[in-house]
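**Student:** What follows is a structure written as structure tokens; I'll ask about it next.
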Amino acid sequence: MRSKKRGAGYGRENNRSDGFERSSGHSCSDLLIIGGGAAGMCAAFAARKMARSQGIGDEQFVITILERNSSVGAKIRISGGGRCNITHAGTVKDLLRKGFQRKVEQRFLRHALHAFSNEDVRAMLATCGVETAARDDGKVFPVSRNARDVLEAFQSMLLNAGVHLVAGERVTRAERLEEGFRVASEGREHTCRFLVLATGGVSYRQTGTTGDGLDIAISLGHSVVKPSPALAPIYLKPPPPPELVGVSLRGTGLRVQCSGTVVSRNGDVLITHKGVSGPACLSLSVDAALLLNSHGKGELTLDFFPDHSSEEVAVLLLRHGEAHGSQFIRKYLQAQQAIPSAMVPYVMLQAGIDRQEKWGSLTKKARRSLQRTLKDFSLGWLKSIPLDAGEVSAGGVALQEIHPGTMESRVCSDLFLCGELLDYTGEVGGFNLQAAFSTGWLAGSSIRYPVQA
Ligand SMILES: Cc1cc2nc3c(=O)[nH]c(=O)nc-3n(C[C@H](O)[C@H](O)[C@H](O)COP(=O)(O)OP(=O)(O)OC[C@H]3O[C@@H](n4cnc5c(N)ncnc54)[C@H](O)[C@@H]3O)c2cc1C
């Protein structure tokens, strides 16, 4: 049976040049998608593609996106600092291994990434004239380095797909009916046969992601892993001294420790006026937030030589000291690429070594202290890891409640969930957009179309 009230009202009042509509009164769609981000738009493309491939006309299968903002893709527009790190190069296996820490996430996302891979994303953009290129580190960007080009491509694909976009429409409730769903959005009502929830995470709330989708998912029977910060800066108490603000460290070890629990990452770190940021910090933030949450505190330290053990550093210092007795310790430290020169006085202070000290007069105890400091330089104590400042949020709808092969809910049939709303967290590098595209695509292509009468 085809949805009885299909297409009522939509598509006929669309006279805005940007393709957006304002809905009025009651509306009815076959497929309703809540959230016009990367996942929601891909769900719409895939659903339309599947429908057309089965000879189902656009008017016979009405697809509507309800988006609370005045336009779609707010996060695509700001992603990658406005350059849009759209995906990551490599095989699906590479993407899962590099992009997602937890085995449960890797298992869950495998199907979606095979259904719509990084190459599929790039090919889709290429059909709209947006060429992409991979950097040496695997990050893929549009050649123009302009996120707006990506967004415009998505907007034109939505128009070509005959998808009805209803902007400025904040959904507040959804309810399962005997057949389909009733969805309420600030004074209006929508009914649909199939529902896709693609409302994103809970960080960068000004982009529209305030967690509405989580409440809707709960009301439809789902459980939610409490959102927590991820890919976020770490704030310290006390904040770093002004002389260190703006200092960046390459390939350093960043560690948070408390009562024997240690979490760490290696990579680039930037010291900010509130604490730290940079790729290693963003990646560590999810574990650091969990540690802070469970222990109430945690110390942030730097390992200037993450590729060498403490013993190796001890031997290195001993040999250097024996060979360069007349050299100032500070000169040696300043010559180390791993230690920014602005940090040298702080390293010496923490190691308890005077700036006039030379290798020849350094005691064994002081050398040990220097070695410990180089491997474990304290930058301060965790103050907070702001949820809203994260590029993504961890937590979300529990993965075990979603069929990984279709993105359909296991607890509410005909409901599909996709994107950052789900309890996965990608690393920096294009993995989060890719996961949103892939899960959205899989959701849209998994809609079981009603058999024609
Ligand atoms: C600053 C920043 C930079 C980033 N850079 C990158 C990058 O370079 N590469 C990368 O891979 N990832 C990046 N990310 C992460 C990436 O943008 C997200 O993971 C991805 O966009 C999530 O897609 P989504 O469709 O699941 O959610 P979103 O893109 O967040 O879309 C959800 C949509 O749902 C709408 N919505 C929410 N609630 C309602 C409601 N009640 N009713 C109607 N609509 C609603 C929102 O307005 C929003 O438009 C970045 C994130 C940020 C914040």
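**Student:** Could you go through the stretch 168-176 and let me know if any residue there is basic (Lys, Arg), crowded, with 16+ Cβ neighbours inside 10 Å and in contact with a His (Cβ under 8 Å, 6 or more places away or on another chain).
**Tutor:** No, there is no match, as no residue in the stretch 168-176 is basic (Lys, Arg), crowded, with 16+ Cβ neighbours inside 10 Å and in contact with a His (Cβ under 8 Å, 6 or more places away or on another chain).
**Student:** Same structure again: Of everything in the stretch 410-421, what is more than 8 Å from the ligand (Cβ to nearest atom) and within 14 Å of residue 198 (Cβ to Cβ)? Give them in sequence order. Break it down stepwise before answering.
**Tutor:** Initially, the stretch 410-421 is screened for residues more than 8 Å from the ligand (Cβ to nearest atom), giving 410-417.
Scanning the stretch 410-421 gives 415, 416, 417.
**Student:** For the stretch 177-203, what are the residues that are surrounded by 20 or more Cβ atoms within 10 Å (Cβ to Cβ), within 13 Å of the ligand (Cβ to nearest atom) and not hydrophobic (A, V, I, L, M, F, W, C)?
**Tutor:** Within the stretch 177-203, 185, 190, 199, 200, 201, 203 qualify.
**Student:** Only one of 431, 437 is touching a His at 6+ places or on another chain (Cβ under 9 Å) and buried (at least 16 other Cβ atoms within 10 Å of the Cβ); which? Steps first, answer last, please.
**Tutor:** On the way: 437 fails: touching a His at 6+ places or on another chain (Cβ under 9 Å).
The unique qualifying residue is 431.
**Student:** Do the conditions hold for residue 222, that is, is it farther than 22 Å from residue 382 by Cβ, in contact (Cβ under 8 Å) with a residue 12 or more places away in the chain and not small (Gly, Ala, Ser)? So that I can check it myself, show each step before the final result.
**Tutor:** Values: farther than 22 Å from residue 382 by Cβ: yes; in contact (Cβ under 8 Å) with a residue 12 or more places away in the chain: yes; not small (Gly, Ala, Ser): yes.
The answer is yes for residue 222.
**Student:** Kindly establish whether residue 195 is part of a strand (DSSP E or B) and within 21 Å of residue 412 (Cα to Cα).
**Tutor:** Working: part of a strand (DSSP E or B): yes; within 21 Å of residue 412 (Cα to Cα): yes.
When the stated conditions are applied, residue 195 passes them.
**Student:** Using beta carbons and a limit of 6 Å, which pairs, at least six apart or on different chains, have the first residue in the stretch 71-86 and near the ligand (Cβ under 6 Å from one of its atoms) and the second one open to solvent by 30 Å² or more (accessible area, probe 1.4 Å) and at pLDDT 95 or above?
**Tutor:** Sorted first by the residue in the stretch 71-86, then by its partner, the pairs are 85/139.
**Student:** How many residues are over 30 Å from residue 235 (Cβ atoms) and of a type in the set (Lys, Arg) when one looks only at the stretch 291-329?
**Tutor:** Of the residues in that region, 1 qualify.
**Student:** Only one of 421, 387, 415 is of a type in the set (A, V, I, L, M, F, W, C), more than 11 Å from the chain's Cα centre (by Cα) and crowded, with 24+ Cβ neighbours inside 10 Å. Can you tell me which? Before you say what the answer is, go through the steps one by one.
**Tutor:** Values: 421 fails: more than 11 Å from the chain's Cα centre (by Cα); 387 fails: crowded, with 24+ Cβ neighbours inside 10 Å.
On inspection, the qualifying residue turns out to be 415.
**Student:** Let me ask something else. Identify all residues within the stretch 317-345 that are under 16 Å from residue 253 (Cβ atoms) and either small (Gly, Ala, Ser) or surrounded by 12 or more Cβ atoms within 10 Å (Cβ to Cβ) (or both); write none if there are none.
**Tutor:** Here is the first cut: in the stretch 317-345, the residues under 16 Å from residue 253 (Cβ atoms) are 336-340, 343.
336, 338, 339, 340, 343, listed by residue number.
The values are calculated or read from the model by the stated rules, or taken from the named source; none is laboratory data. The model shown is predicted, which means the values in this text are computed figures rather than measured ones. Because the Cβ atoms are built from the backbone with ideal geometry, glycine has one as well, and the counts that use them run over all protein chains shown. What goes into the accessible areas is simple: the full protein's heavy atoms, side chains included, and nothing from ligands, DNA or RNA. Shrake-Rupley method; radii C 1.70, N 1.55, O 1.52, S 1.80 Å.
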